[in-house]
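Below is one structure, written out as structure tokens, with a few remarks after it.
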Ligand code: SAH
Ligand code: SF4
Ligand code: F3S
């Protein structure tokens, strides 16, 4: 079961969402349809892809039936993510049957994992493009127009698309994702990301700040800085003047972005327990506009399991980092990711995950059954030996515990006044606004004159449902 949480990193409600942008200055008369799966990085990459093709005159469409080019930006993290894409391709095959000139391309992590095998397995696919090769898309499309199939899955040590400012016109104009790094060097044994996204590299700090400033000038009021492990962000500029070298770490970058404007909220994801420093925590504590919310995936509460997951921290280390968060940032929300039924996990070891949940009392969690991924260290070294029904029982226990804990955390807000960034009308009624507080909890309250989306409101929280706070502006 994948849980919907407000930071949208694996937001179920956005899976398969199509990106539609305002037409650029050029128009080549061709229409692009692009939809995305997986994490926020993929959603952010689709914006880069749309920017690159808008430059070449492509217009986006929200209806794949009248597209000239269909792109599907894919995820490989669990088997079900891939199954979903395969099923979606069947629907595209039908559209292509009616319009044989249509170009169908697979982008993202599945493209990188399967490479040219994709062309053999799925006959309708014309182009396969990995996450570091998007600048090559116009050439690849030309190749397909010339009657060939095209593949580019080269990974890069440098590509960060730093100079491409993404177009984001179907967003709400208030929250934006800003990618600060790509790839991952951690090699957690269960994970495909190091294989599909390549080596870790950090983006030019000044291009990040410039993008955030530009977003602020356009009316955006919240940025989420994205990376698989933001705490290992490290960028150095060799300045020509006297050859001075400046090194920017994640704490420095957070501060630079916080200083763009006090009215710009700053979020970030994902923090790694082995790398999150006190310096980062002090920076969060120092600036009111850096949200008191940390996504700190634990994966398991047992040290032996963490060891074979190759997470490089143990139970005690993780608890110490949680203590440090509580000490340095009183009142900080913490969310997590948990995997149940990893190879060889015993009942006692699973119970340690439950006791970790009691210890931290997470505000939110994304919870998954272990899904073996071909090519990963775990697939090579350990048997996927926990039967599916046991994985499911353990998952249900984790989910039930999280439900209680989320509710407990939400209830702490009742009676308090929270500063909420208004994002728009609530899903249920245009008489209510919705927005999130500093801790990323959704708050719903009656529309009041003088307040508009993109503004902050002080909301007295009067009650809560299982996932939402309800109140009124004071
Ligand atoms: N970089 C992040 C996680 C990115 S993947 C981190 O290090 O925490 C998001 C989550 O998917 C992971 O935290 C993990 O809980 C889950 N996940 C990754 N591979 C998985 C697999 N093979 N089976 C089940 N869940 C998996
Ligand atoms: Fe995967 Fe681990 Fe990297 Fe996260 S830190 S992306 S779980 S390898
Ligand atoms: Fe993200 Fe899925 Fe790739 S979680 S990095 S899109 S495998």
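Stretch residue 467-residue 154 to full length: gain in nm at 0.36 nm per residue minus the Cα-Cα span?
Length gained between residue 467 and residue 154: 108.5 nm.
Give me the percent of DSSP beta bridges within segment 417-473 that run antiparallel, rounded to the nearest 5.
Here the antiparallel bridges make up roughly 85 percent for segment 417-473.
Report the label-to-label distance for residue 344 and residue 381 in nanometres (one decimal), using points 7 Å from each Cα along the Cα→Cβ vector.
With each label placed 7 Å out from Cα toward Cβ, I get 0.9 nm.
Take the alpha-carbon positions of segment 322-474, form their convex hull, and give its projected area averaged over all directions (one quarter of the hull surface) in nm².
The number I arrive at for segment 322-474 is 11.7 nm².
Please give, to one decimal in nm, the separation of the simple spin-label points placed at residue 204 and residue 256, each 7 Å out from Cα toward the Cβ.
The two pseudo-label positions are separated by 1.1 nm.
Give the relative contact order (percent, whole number) for segment 100-147; include only Cα pairs under 8 Å separated by 6+ residues.
39 percent
Can you tell me the FRET efficiency between residue 171 and residue 98 if r is taken as the Cβ-Cβ distance and R0 is 25 Å, rounded to the nearest 0.05?
0.20
Segment 252-391: Rg/Rh from Cα coordinates, Kirkwood Rh?
We get a ratio of 1.04 for segment 252-391.
Using the count of nearby Cβ atoms within 10 Å as a rough guide to exposure, how do 109, 464 rank from fewest to most?
Going from least to most buried by this count: 464, 109.
Please compute the contact order of the chain in relative form: average sequence separation of alpha-carbon pairs under 8 Å and at least six residues apart, divided by the residue count, as a percent.
10 percent
What is the Cα radius of gyration of the chain over 2.2 N^0.38 Å, N being its residue count?
0.98
Based on alpha-carbon positions alone, could you give the equivalent ellipsoid semi-axes of segment 149-222 from the gyration tensor, as √(5λ), descending, whole Å?
Square roots of five times the eigenvalues give 27, 15, 13 Å.
Could you tell me the ratio Rg/Rh of segment 400-474? Both radii from Cα atoms, Rh via Kirkwood.
0.97
Compute the label zone of residue 234 within segment 253-286: residues whose backbone N is under 20 Å from the point 7 Å along Cα-to-Cβ.
Answer for segment 253-286: 253-256, 269-283.
For segment 8-114, take N as its residue count and report Rg(C-alpha) divided by 2.2 N^0.38 Å.
1.03
Once the piece of chain linking residue 458 and residue 124 is laid out straight, how much longer is it, given 0.36 nm per residue of separation minus the C-alpha distance between them?
Separation in residues times 0.36 nm, less the Cα-Cα distance, equals 115.0 nm.
Please figure out what share of the DSSP beta bridges in segment 18-152 is antiparallel and state it in percent, rounded to the nearest 5.
Within segment 18-152, antiparallel bridges account for around 5 percent of the total.
In nm, what is the difference between 0.36 nm times the number of residues separating residue 13 and residue 56 and their Cα-Cα distance?
Result for the pair: 12.4 nm of gain on full extension.
Take 407, 413, 350 and order them by how many other Cβ atoms sit within 10 Å, fewest up front.
407, 413, 350
Along Cα→Cβ, 7 Å out, is where each label goes; now give me the distance between the ones at residue 217 and residue 427 in nm to one decimal.
Once both label points are built, they end up 3.6 nm from each other.
Please report 346, 340, 196, 468 as a ranked list, fewest other C-beta atoms within 10 angstrom at the top and most at the bottom.
Sorted ascending by nearby Cβ count, the order is 346, 468, 340, 196.
Sorting check: for 13-22, 252-261, 176-185, 125-134, which peptide has the highest mean count of neighbouring beta carbons within 10 Å, and how do the rest follow?
125-134, 176-185, 252-261, 13-22
Read-outs: derived from the displayed coordinates by stated rules, not from any lab. Quantities reported herein were computed from a predicted structural model and do not represent experimental measurements. Here the Cβ is made from the backbone with ideal geometry for all residues, glycine too, and neighbour counts use every protein chain on show.
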